[in-house]
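Everything on this sheet refers to the single structure shown next.
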Amino acid sequence: MKIALDKKRFKLYLRIGLAYLLLWLFVDLASHPELFYQYFINEVWRAVYIVFVNYLFFEYTLSHLSRKRKFKSLFLLAVQFFLYSFGLYSWRSIGIQLHVFTAFKTYPSLSEGIGDQFGDGIFSIFFFGIIRHIYDYIKLKQAAQQLRIEKQQAELNYLKSQTNPHFLFNTLNNIYSLAKDKSDLAPESILRLSKILRFMLYETSGAYIAIEQELKIMSDYIALEKLRYDDTLHVNFNYDIEDMKQALPPLMLIPLVENAFKHGVSETRHHPFVDIHLSVNQRQLAFFVKNSTEAFPGEQPVKENIGLSNLRRQLELLYTDYQLSVQQEESIFSATLKINLASHV
């Protein structure tokens, strides 16, 4: 019968054994303070055996019990019963013979001595079993929490991998339109795109960026979009930021701005406009985007594109207190995003 020693688990039993030892030392100190040194040696001697036998029981015997192998299971239980009764009594006797253990109590018969030691063994099973169960439960919860975090991070990375190419694809379409018309603004648009690409490559790899960086990329994107239109397009972009160094997930706000141009202004024939306002005060973010659209007969349900749906999912993963609402009126589309930045999970 080969038993492999799991060092990490065995250290757990050593720590439980130390707690077991301290418990009995406290009882001995309260009951027999004048003989504490002898009781201390006795308890250390007994704890050595208790740690070993409980490690064997919980880490080997219990894991090998099986209904299909009744004989083996009964044999293992019999061995454990022997170790908790006669084995513990024999360990006490060995300590007495080596003058390590002080016999404060004598037993008139072997059966009485074995029975008394078996009671101590049963108590140790409950003590070790309860602490072991609590420890394993906590570790399991921690592992589940870590798995949940890793799963959320993987999903966030996937959403970013969808959003960034989507964002670049729309930007390249804008440059393509300028190049196709042989516009003199094409070189400037390429230069602005290079700035955006540099930002996305070197600034968005972390979990957060400063709001001032988000504002800069937003300004570059708005300037790039305005190159496509003449003076009929009116863009109003203003902000009220309490702390420009306030942390924010990168490219969190861009999808709403991108949506205003791609699905609003580009489809508006008369008096196109985009109004953007951002405020962050006392860790309360409020972002409002309003843009012109073509008039729709009657009320139309709002169909969210990939940018909006990805943004909504990212918010679910990152914050517990937020609100994202969109509204389609006759010729105006508006989006409102409110986030309690302190509610980051």
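May I ask for the net charge around F10, where only other residues with Cβ less than 14 Å from the Cβ of F10 are counted and Lys, Arg are +1 while Asp, Glu are -1?
On the way: positive: K7, K8, R9, K11, R15, R132; negative: D6, E59.
Neighbour charge sum, excluding F10 itself: +4.
With viscosity set to 1.567 mPa s at 4 °C, what whole-number translational diffusion coefficient in µm²/s follows for the range 201-261 from Stokes-Einstein and a Kirkwood radius over Cα pairs?
Working: Rh = 12.7 Å.
For these conditions, the coefficient is 102 µm²/s.
Which of the pairs K180/K290; K226/K338; K182/K226; K195/K226; K180/K226 have their Cα atoms more than 20 Å apart in this structure?
Numbers: K180/K290 29 Å; K226/K338 26 Å; K182/K226 16 Å; K195/K226 16 Å; K180/K226 17 Å.
In this structure, K180/K290; K226/K338 exceed 20 Å between Cα atoms.
Given that compact globular proteins tend to follow 2.2 N^0.38 Å, what is the ratio of the alpha-carbon Rg of the range 7-143 to that value?
Values: Rg = 16.4 Å, N = 137, 2.2 N^0.38 = 14.3 Å.
After normalising by residue count via 2.2 N^0.38 Å, the value is 1.15.
Label 7 Å along Cα→Cβ of F10; the range 36-80 residues with amide nitrogen under 16 Å?
The answer is 48-61.
Full-extension gain between D120 and K245, please, as 0.36 nm times their residue separation minus the C-alpha to C-alpha distance. Could the numbers behind the result be given before it?
Numbers: separation 125, 0.36 × 125 = 45.00 nm, distance 6.23 nm.
So the extension gain works out to 38.8 nm.
Please work out the Kirkwood hydrodynamic radius for the range 228-343, using every pair of different C-alpha atoms, and report it in angstroms with one decimal place.
Numbers: mean 1/r = 0.0665 Å⁻¹.
Hydrodynamic radius (Kirkwood, Cα pairs) of the range 228-343 is 15.0 Å.
What number comes out for the charge environment of R132, summing +1 per Lys or Arg and -1 per Asp or Glu over other residues with Cβ under 14 Å away?
+2
Read-outs throughout are calculated quantities, based only on the coordinates presented, and are distinct from any laboratory measurement. Source: prediction; values computed, not measured. Cβ: placed from backbone, ideal geometry, glycine included. Neighbour counts: every protein chain shown.
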